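The values are calculated or read from the model by the stated rules, or taken from the named source; none is laboratory data. On a predicted model such as this, the values are computed, not experimentally measured, just so you know. Backbone-built Cβ (ideal geometry, glycine too); neighbour counts: all protein chains shown. SASA here: full protein model, heavy atoms, side chains in, ligands and nucleic acids out. Shrake-Rupley method; radii C 1.70, N 1.55, O 1.52, S 1.80 Å.
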Amino acid sequence: KLCLAALGVYIICCVLYFTQIKQYNVGALSLWSGLYFLIPILLILAMIGIYKDTKLIKSIDRLR
């Protein structure tokens, strides 16, 4: 649930970021803004890992 919340906050921040960047006339995007797109990929990988762990725990509980 926390990963979904973080993904939602990320989408809101991303929309705000790109609406604000349109106001700048001069300048370029830095390397750090490129890493900004790595966040949702890592969140999705975390959700997949958490799902696999919970599935494993539920299967172990059935064996008891």
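What's the percent breakdown of Cα-Cα distances in the chain across 10 Å bins, shortest bin first?
Cα pair-distance distribution for the chain, in percent: 17, 35, 23, 14, 7, 3, 0.
Picking from Cys13, Leu56, Leu31, whose Cα lies most toward the positive end of the charge dipole for the chain (charges on Cβ: Lys, Arg +1; Asp, Glu -1)?
With unit charges placed on the Cβ atoms, the residue in question is Leu56.
Do the sum for the chain: with -39,500 (n - 2.57) for every DSSP H run of n ≥ 4, divided by all residues, what is the mean residue ellipticity at 222 nm, to the nearest 500 deg cm²/dmol?
Taking each H run of at least 4 residues, the total per residue is -26500 deg cm²/dmol.
When ligands, DNA and RNA are left out and all protein chains stay put, how many square angstrom of accessible area per residue does the chain have with a 1.4 Å probe?
91 Å²
Give me the dipole magnitude in Debye, nearest 20, for the chain about the Cα centre, with unit charges on the beta carbon: positive for Lys and Arg, negative for Asp and Glu.
Details: 7 positive and 2 negative charges, 71 e Å.
With Lys and Arg at +1 and Asp and Glu at -1, about 340 debye.
Using a 1.4 Å probe on the protein chains only, how many percent of the accessible area of segment 1-40 belongs to carbon and sulfur?
Answer for segment 1-40: carbon and sulfur cover 75 percent of the accessible area.
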